[in-house]
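Asker: The structure that follows is given in the form of structure tokens.
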Amino acid sequence: MTVPPENQQQTPHRCGYVALAGRPNVGKSTLLNTLVGQHLSIVSPKAQTTRERVSGILTTSHYQILFIDAPGLIEPRYALQEAMRLAASAAIDEADVVVLVVDATEPDTFPDQEIGATLRARSVPIIIAVNKVDLVDGETAARLVGEAEALGYSTLAISATTGAGLSEFLSVVVDRLPESAALFPEEDSATQSVRFFAEEYVRETCLELLHEELPYAVTCRVDEFREGQDPVYVRIVIYVERESQKGIVIGRGGATIKQIGQRSREKIEALVERRVYLELHVKVLEGWRRKHARLRQLGYALPSHTKGGQKRT
């Protein structure tokens, strides 16, 4: 990721939170990873990959941007999606700048009136990033940018994959950040713990290797993490919803779980830059995606109206 040249004159230091919002699969996670220059947010062609907010940090001598990759904005149909919608709304509410990422290859979904109404309720700068312009012709990209600008939004055409337009994108974002000292040390690249990313890397590998509906029935939690030894010891539980799913994740003779472990270990080692001993276990937590009590047990935050009354299970 190339950071634009900084003004040599004395300029105020800027720092703030920037929420990357939008529908599922518009490229928010790829954009975060490209901007930060590190594989933090898991990426998959499957929709609704991001379930919890992921924060990546970009720091220079003149600014620090805390990008928040939020789950896609959808109308929840079950408990896990309620938690995802809450995480996305919280990211927007906390942001100093909101970037609405839209997919240039899906022009029929833009402009999105529902999301537009959600964002206009916030009194913060809103930028529209028309992503994936490398996959469409220039005329289509220009038309989408023009439609957004006609609605009063600052709009840029970008490609999170190729990096096109990202230098200008960063300049526009920085101009809208509040004047502030940095909130995190210069060497930090994320606000979450290594434990969180270890869980996410295992889940990402499940998305890569498992098929159809099964990846959506998987969630991962660290059971033990011993960083003070060599190799680093990590034990992670992969939760599924049914006993039949457990057998598929393990695979014949343990072949699938072995492959998941090998790929995941390599990803964790790249993050911590140390050798890792990864131990995986598969457990059944029946119907965890649709049961509020199960989700809280796994650490997901839910809207307050689910704490009591008939919504609680």
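The values are calculated or read from the model by the stated rules, or taken from the named source; none is laboratory data. This is a predicted model, so every value here is computed, not measured. Positions of Cβ are generated from backbone atoms using ideal geometry, with glycine treated the same way; all protein chains shown enter the neighbour counts. Heavy atoms of the whole protein, side chains included, go into the accessibility calculation; ligands, DNA and RNA do not. Shrake-Rupley method; radii C 1.70, N 1.55, O 1.52, S 1.80 Å.
Asker: Report the residue count in region 183-204 for those that are open to solvent by less than 50 Å² (accessible area, probe 1.4 Å) and in contact with a strand residue (DSSP E or B) (Cβ under 6 Å, 6 or more places away or on another chain). First the steps, then the outcome.
Answerer: First pass over region 183-204, keeping only residues open to solvent by less than 50 Å² (accessible area, probe 1.4 Å): 189-190, 192, 194, 196-204.
Subset that is in contact with a strand residue (DSSP E or B) (Cβ under 6 Å, 6 or more places away or on another chain): 189-190, 198-199, 202-203.
So the answer is 6.
Asker: Can you give me the ranges of the helices (runs of 4 or more DSSP H) entirely in region 202-313 with at least 1 residues that are among the acidic types (Asp, Glu) and out of contact with any Gly (no Cβ under 8 Å at 6 or more places or on another chain)?
Answerer: Working: elements: 243-250, 255-272, 292-297.
Output list reads 243-250, 255-272.
Asker: I've got another one for you. Is there a residue in region 250-266 that is within 18 Å of GLN38 (Cβ to Cβ), of a type in the set (Ser, Thr, Tyr) and touching a residue at least 24 places away in the same chain (Cβ under 8 Å)?
Answerer: yes
Asker: Scanning region 218-272 for residues that are of a type in the set (Ser, Thr, Tyr) and out of contact with any strand residue (DSSP E or B) (no Cβ under 8 Å at 6 or more places or on another chain), which turns out surrounded by the most Cβ atoms within 10 Å (Cβ to Cβ)? Reasoning before the result, please.
Answerer: If we filter region 218-272 for residues that are of a type in the set (Ser, Thr, Tyr), which is where we start, we get 219, 233, 239, 244, 256, 264.
Still in the running and out of contact with any strand residue (DSSP E or B) (no Cβ under 8 Å at 6 or more places or on another chain): 244, 256.
Working: SER244: 10, THR256: 18.
Only one residue fits best here, namely THR256.
Asker: Taking GLU168 as the residue in question, decide whether it is open to solvent by 40 Å² or more (accessible area, probe 1.4 Å) and either over 23 Å from LEU20 (Cβ atoms) or at pLDDT below 95 (or both). Working first, answer last.
Answerer: Working: open to solvent by 40 Å² or more (accessible area, probe 1.4 Å): yes; either over 23 Å from LEU20 (Cβ atoms) or at pLDDT below 95 (or both): no.
Here the answer is no, as GLU168 does not meet what is asked.
Asker: Continuing with this model, one more query. Write out, first by first residue and then by second, each pair whose Cβ atoms fall under 7 Å of each other, whose residues are 6+ apart or on separate chains, and whose first residue, in region 199-213, is basic (Lys, Arg) while the second is modelled with pLDDT of 95 or more and not in a helix (DSSP H, G or I).
Answerer: ARG203/VAL218; ARG203/THR219; ARG203/CYS220
Asker: Within region 273-290, can you find the residues that are open to solvent by less than 60 Å² (accessible area, probe 1.4 Å) and either within 12 Å of ARG235 (Cβ to Cβ) or not small (Gly, Ala, Ser) (or both)?
Answerer: VAL276, LEU278, GLU279, LEU280, VAL282, VAL284, LEU285, TRP288, ARG289 - these are the residues of region 273-290 that are open to solvent by less than 60 Å² (accessible area, probe 1.4 Å) and either within 12 Å of ARG235 (Cβ to Cβ) or not small (Gly, Ala, Ser) (or both).
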